[in-house]
Amino acid sequence: MALWLLEQCSGLAAALCTVHYWDTDNGTILINNASNRHHESGGHDTGTLKLSGRHGDIKPSNILWYPHGELGILKLADFGTTRFGLEGTPTPVYHDAPTTPTYRAPEYSLQMAMKSSWDIWTIGCVYIEFITWLSLGWKGVDEFAIKRLREDPQDYDIQTATYYVLENATPRLKKEVNDVSADGIVIAPSSRPCANTLRSLASRGSSGSCSIPEGVP
């Protein structure tokens, strides 16, 4: 089961790579800039466009199980909040993009741009829950969420189970999350690995991809 889970982590990271680095000869469907380029060329293709994208809402309910082999396969789903831009151009700031409180990245609290690094945070949260489930079952996943509950001033003081907390306007990992290791769970977006690195770590079965100490959470 552990090997299967690592394979699924690798496959999900590979799917994320496809979103983050998308080559297309039909970018008119995805972004306005590509549409303008297509129009300026008189409607003729001008070659492959390199786009950078982000999923924007990775969470367990957006990962689907399909029958495949002995244990099945997990696939990334729900691309309703996915956005693309031309590679090398400034990434638009999506402050009003819908997010899921539990898995939203610290950038939300700092009003920063929602870039591909947002996805790395959210898939890191999912990896932690995978490992918690593998070690402690669904009861462990539920207990881990309960331990992370805090009143969230950004959600009208409703209790949320985010993976970070604001302390003096500075995002910090919650203590319960600090006890668990996952490569994507890093506060600074620039310090998070890319999706391809996560894929490589998981495909090698590296102990650095995600781990959970005995008895945690």
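Can you tell me which residue within the range 166-182, out of those that are among the aliphatic types (A, V, I, L, M) and more than 18 Å from the chain's Cα centre (by Cα), is nearest to Ser200 (Cα to Cα)? Selected residue: Leu166.
Screening Ala145 with (1) closer than 19 Å to Lys59 by Cα; (2) over 21 Å from the mean Cα position of the chain (by Cα) gives one miss only, at (2). If only residues of the range 147-166 that are of a type in the set (D, E, K, R) and at pLDDT 90 or above are counted, the one that is surrounded by the most Cβ atoms within 10 Å (Cβ to Cβ) is Arg148. For Ile187, the criteria (1) in contact (Cβ under 8 Å) with a residue 40 or more places away in the chain; (2) in contact with a Phe, Trp or Tyr (Cβ under 6 Å, 6 or more places away or on another chain) hold in every case but one, which is (2). The residues of the range 171-213 that are touching a Pro at 6+ places or on another chain (Cβ under 9 Å), at pLDDT below 90 and not in a helix (DSSP H, G or I), listed by number, are Asp179, Val180, Ser181, Asp183, Gly184. Across the range 98-117, the qualifying residues are those that are closer than 14 Å to Asn62 by Cβ and of a type outside the set (D, E, K, R), and the one among them that is surrounded by the fewest Cβ atoms within 10 Å (Cβ to Cβ) is Pro98.
The values are calculated or read from the model by the stated rules, or taken from the named source; none is laboratory data. All of these numbers come straight from a predicted model, not from anything done at the bench. Here the Cβ is made from the backbone with ideal geometry for all residues, glycine too, and neighbour counts use every protein chain on show.
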